[in-house]
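Enquirer: Quick one: the structure is below, questions incoming.
The values are calculated or read from the model by the stated rules, or taken from the named source; none is laboratory data. A quick note: this is a predicted structure, and the numbers were derived from the prediction, not measured. Here the Cβ positions follow ideal geometry from the backbone for every residue, glycine too, while neighbour counts run over all protein chains shown. Accessible surface is based on the protein model in full, side chains and every heavy atom, while ligands, DNA and RNA are left aside. Shrake-Rupley method; radii C 1.70, N 1.55, O 1.52, S 1.80 Å.
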Amino acid sequence: MRDKIIETNRTQIKVLAAAALLSAGVICLPIICIQSSLGQLQQPDSSMNDNLTQSINLQNITSQQQPRSVNEADFSTYVSPELGIQIDHPTDWSPIIREYADDVQVLEFNASRSAMMQLLPPTVRISSAPQPDIQSLNQLTASLLAIASDYPRFDLKENTTHALGNVTAQKVLYTYGSGDPSQQFTLQAMDIWTLKDGKRYVFSYIAPVSEFSMNLPVVEHMIRSFSFE
């Protein structure tokens, strides 16, 4: 039974990691994977194995919290010289800078949650990387959506023009899940990407679909506060 539990956990991580590989390449789509960052997987805590079931159903794993309003959150301003940006974030969402090959830089904010809710915590990531081969936002959007369409059960909900730091950007909202029938979960993601000074910038927010709206007001405040240095 323990071997089946471990294999189930590994299967889930592989599914999420496949999506995260988008960020590791020439493109930098989402935070599609909560337990990984740009293909760099975090190993699950071995103490969690005893609490896992053979079939994971994230539809039933919710924090049971009400939507978090902006007025209820305390914000701090974070300046990232690495990415050349500034952004407000909830004080209980700790910022972490990660650096990867090909000058890919990622600023990550992880939402705090209880010890029992560590499987897929809501996460915000902002990435920056050189993008010399793509010259327009339309090209970037076509490239990213072509790859995203291969996600398991990918369903595009919204694709509209937006702004990121007063720069014209593209916003996409979508859901996706696992191709493995034993992995019953659906994640919802919002990505906003743009091109500036030969670099691509991607703001990403992802959470289980049942929890996506809970932190959305706070995430939207973060987007409005975003600026390029």
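Enquirer: Calculate, for region 84-229, the solvent-accessible area per residue in square angstrom, rolling a 1.4 angstrom probe over the heavy atoms of the protein chains.
Expert: 40
Enquirer: For region 142-197, which chymotrypsin sites (Phe, Trp or Tyr not before Pro) pass both filters: DSSP loop (anything but H, G, I, E, B) and at most 12 other C-beta atoms within 10 Å?
Expert: Taking region 142-197 and a limit of 12 other Cβ atoms within 10 Å, no loop chymotrypsin sites (Phe, Trp or Tyr not before Pro) are found.
Enquirer: How much of the accessible area of region 106-229, in percent, comes from carbon and sulfur atoms when a 1.4 Å probe is used?
Expert: Taking all protein chains in place, region 106-229 shows 52 percent carbon and sulfur surface.
Enquirer: Using a 10 Å cut-off on Cβ atoms, rank the peptides 197-208, 131-142 from the highest mean neighbour count down. Present the calculation step by step, with values, prior to reporting the outcome.
Expert: Values: 197-208: 21.8, 131-142: 14.0.
Going from most to least packed, we get 197-208, 131-142.
Enquirer: Per residue of region 202-208, what does 6.51 cos²θ - 1.76 cosθ + 1.60 with θ = phi - 60° give for ³J(HN,Hα)? Whole Hz please, x for Gly and Pro, Karplus curve as stated.
Expert: Those phi angles translate into 10, 9, 10, 9, 9, 7, x Hz.
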